[in-house]
Amino acid sequence: MDEHAVLCTKDRTYDLKIAETSNMLMFVPDCRTPDQLTNSQENSHIVHTQIWGFSNSYWELRKQRPKLKKLKKVLMENPYEGPALGGKEEDTENRYTMEDLLESIQASEEELKTSLEAVHACQIDGYWRMLDFDYEMKLLGHVTQLVDSESWALNRVPLQTCLEELAPLEPKQMIEHCLNCYGKRYSENDDVLYALDEDKVCKGMALMLLQNAVKFNLREFQEVWQQSVPEGMSTRLDQLKSVALVDRSSRPETINLLRVEDLSEDTLERFNQLFTLREKWTEDDITPYIKDLCGEKQSTGALLTKHARSSMQNGIKVFNSRRPVAT
């Protein structure tokens, strides 16, 4: 495995790097730090001791982001496409428990759980599985069609009725999982209800429309997109930050799929990919694609200052690469 060693606590992951120091570090047995000493002058005396060793370097811990890209790659080795049909046996290869994932993914347990939720993974028969995208959209389609047909308020979708109505079509576990991914669960008078999340539903429908198109006429896309979501929901382009890119300079204006999760996790390589795709970026356009690269207390502005050069174009600040772009 071509990976650097990391140190994981329950909720954080740290990269291990060797740091040099100009001061000599000496290893002394039974050494006490100043806060362990008393202030009593009577007990002050010189102690002769032996130095066991010395060093001019030490291990430094730097908090790092969990490797979400590798997690998706591992889980997509065997995505869940729904229950096996017609007596066909399900593929049992490449399935992972939480323990398996903790062994292979450089992330703490809490970060891993958060990442699994972010990619809509589901625990099936003790194994964590990502849903095949088409199957996930099929589930979402069943739910939204039922909401429309029953004329339910978008913030009052009853779990039990959904499970009863859709049970002939899909497993109840999958229906509930879909509601958990695209809505917020709450209870009222012993009933479990869901408030569908407009941004998540609209984003999911947009990804379904964009996945098979190289580029989409923006105006036509917006019309089809709005028609695809449940009545009462409003589509907005800001719902697609970090998953789709609008080209305002082309005629007609276009939109295409560009998911941040498909880009490199390495900062230099990420900027190279972005500037290969587009020579100049506005801050609003590039920020969703570099935000996840920021370390603790680091801003996207600081990243842009380090890796890009700014200039004015038609009164708008744009950024281009500081280095020759490798193609």
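Points worth noting:
- Annotation: per residue accessible area for the chain equals 63 Å², rounded to a whole number [probe 1.4 Å, protein chains only].
- Couplings 3J(HN,Hα) for the stretch 107-119, derived from phi with the Karplus relation 6.51 cos²θ - 1.76 cosθ + 1.60 (θ = phi - 60°), are 7, 6, 4, 5, 5, 5, 4, 5, 5, 4, 5, 5, 9 Hz, where x marks Gly and Pro.
- Debye equation applied to the C-alpha atoms of the chain, log10 I(q)/I(0) at 0.16 Å⁻¹: -1.48
- Phi-derived couplings, Karplus 6.51 cos²θ - 1.76 cosθ + 1.60 at θ = phi - 60°, listed residue by residue for the stretch 288-297: x, 9, 10, 4, 6, 7, 5, x, 4, 6 Hz, with x used for Gly and Pro.
- Nitroxide proxy distance, nm - points 7 Å out along Cα→Cβ at Met26 and Tyr58: 1.6 nm
- If R0 is 30 Å, the Cβ-Cβ spacing of Ser311 and Gln211 corresponds to a FRET efficiency of close to 0.30.
- The modelled label-to-label distance for the pair Val224/Ile18, using points 7 Å beyond Cα in the direction of Cβ, is 5.6 nm.
- Of Lys69/Lys113; Lys63/Lys291; Lys63/Lys297; Lys70/Lys113; Lys10/Lys291; Lys17/Lys291, pairs whose Cα-Cα distance is over 18 Å: Lys10/Lys291; Lys17/Lys291
- 5 angstrom amide H check on Glu81, placed H, neighbours 5+ away: Asp132
- Rounded to whole Å, sorted largest first: equivalent-ellipsoid semi-axes of the stretch 168-229, Cα gyration tensor: 30, 14, 8
- Scanning residues 5 or more positions from Val192 or on other chains, those with amide H under 5 Å from its amide H are Leu159, Gln160, with H placed 1.01 Å from N in the peptide plane.
- Just the protein heavy atoms count here, and of the accessible area of the stretch 133-196 at 1.4 Å, carbon and sulfur take up 44 percent.
- Using the Stokes-Einstein relation with a Kirkwood hydrodynamic radius computed over Cα pairs, the translational diffusion coefficient of the stretch 133-196 at 37 °C and a viscosity of 0.692 mPa s comes to 283 µm²/s.
- Full-extension gain in nm, Tyr186 to Gln160, via 0.36 nm per residue minus C-alpha separation: 8.1 nm
- Set of the stretch 11-34 residues, backbone N closer than 14 Å to the point 7 Å along the Cα-Cβ line of Gln50: 27-30
- For the stretch 259-326, the C-alpha radius of gyration divided by 2.2 N^0.38 Å, with N the number of residues, is 1.04.
- The tail of the calculated P(r) for the stretch 198-327 beyond 19 Å holds 53 percent of all Cα-Cα pairs.
- Remark: the stretch 186-195, residue by residue, has Karplus-estimated 3J(HN,Hα) of 8, 10, 8, 6, 6, 9, 9, 10, 10, 9 Hz, where x stands for each Gly or Pro and the curve is 6.51 cos²θ - 1.76 cosθ + 1.60 at θ = phi - 60°.
The values are calculated or read from the model by the stated rules, or taken from the named source; none is laboratory data. These figures come from a predicted structure and were not determined experimentally. Because the Cβ atoms are built from the backbone with ideal geometry, glycine has one as well, and the counts that use them run over all protein chains shown. Heads up: the accessible areas ignore ligands, DNA and RNA and are worked out on the full protein's heavy atoms, side chains in. Shrake-Rupley method; radii C 1.70, N 1.55, O 1.52, S 1.80 Å.
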